[in-house]
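*Asks:* Take a look at the following structure, please.
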Amino acid sequence: MRFTALLSAIAIVAVPVLGANFNVTVGANDDFIFLPDQISGVLPGDTITFTFVSRNHSATTTTFSNPCPPPKGGVGPNGFDTGFHDSASEGDPSVVVTIEDTEPHFVACMQAAGAHCHRGMTFAINPTEDLSYEEFLNNALNDPIQTF
Ligand SMILES: *[C@@H]1O[C@H](CO)[C@@H](O)[C@H](O)[C@H]1NC(C)=O
Ligand SMILES: *[C@@H]1O[C@H](CO)[C@@H](O)[C@H](O)[C@H]1NC(C)=O
Ligand SMILES: [Cu+2]
């Protein structure tokens, strides 16, 4: 029946479900922060849009225990590294990262050999009670300072 066929076609078009997007501002208020500093309930296929609004920063996955500095390329599995983005010369660029699992991921800025990270420039995806954002931040603040 033609009418039924038309309804089916519409249903098929409506089927694809897009992942959710989470916006994170990097360097909000000209400060060494990610805003928000943590997000939960992130599912595979969801995206995080990092928008760099001050200075020159990165969003790079790192280890929970020794966060600073995160290594170039990021810590995996399913880690990521936006690379450095300079807000002034690039005009507040955005980088979209697709999340591929439901695991916790810990993120920090690589700039100045970890100096931004040591100031607490950190962010968590799907933190847990055992691997909490607060403890990760504490680890970054207390990571042995490197001389450079
Ligand atoms: C996320 O940022 C995009 C691009 O700036 C904007 O269009 C969208 O409304 C923002 N979403 C939320 C939930 O703030
Ligand atoms: C941003 O920082 C990186 C790492 O310190 C540096 O290599 C790059 O030249 C900087 N970009 C600008 C535009 O200053
Ligand atoms: Cu930074």
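Laboratory data are not the source of any read-out in this text; all were calculated from the coordinates shown. Everything numeric in this text was worked out from a predicted model, so none of it was measured. In this analysis, Cβ positions are derived from the backbone assuming ideal geometry, glycine residues included, and neighbour counts consider all displayed protein chains.
*Asks:* Which value, in nm² and rounded to one decimal, describes the direction-averaged projected area of the C-alpha convex hull of segment 35-95?
*Replies:* Details: hull surface 19.0 nm².
For the Cα atoms of segment 35-95, the hull's average projected area reads 4.8 nm².
*Asks:* To the nearest 10 degrees, how steep is helix 2-14 against the longest Cα principal axis of the chain, on a 0 to 90 scale?
*Replies:* The answer is roughly 0 degrees.
*Asks:* Compute and list, largest first, the equivalent-ellipsoid semi-axes of segment 15-148 from the alpha carbon gyration tensor, each √(5λ) rounded to a whole angstrom. Intermediate results must be reported in sequence, preceding the final value.
*Replies:* On the way: eigenvalues 98, 68, 29 Å².
Result for segment 15-148: semi-axes of 22, 19, 12 Å.
*Asks:* Dipole size in debye (nearest 20) for segment 18-142 around its Cα centre, Lys and Arg Cβ +1, Asp and Glu Cβ -1? Mind showing how you got there, number by number?
*Replies:* Numbers: 3 positive and 15 negative charges, 68 e Å.
Using only the charged Cβ atoms, the result is roughly 320 debye.
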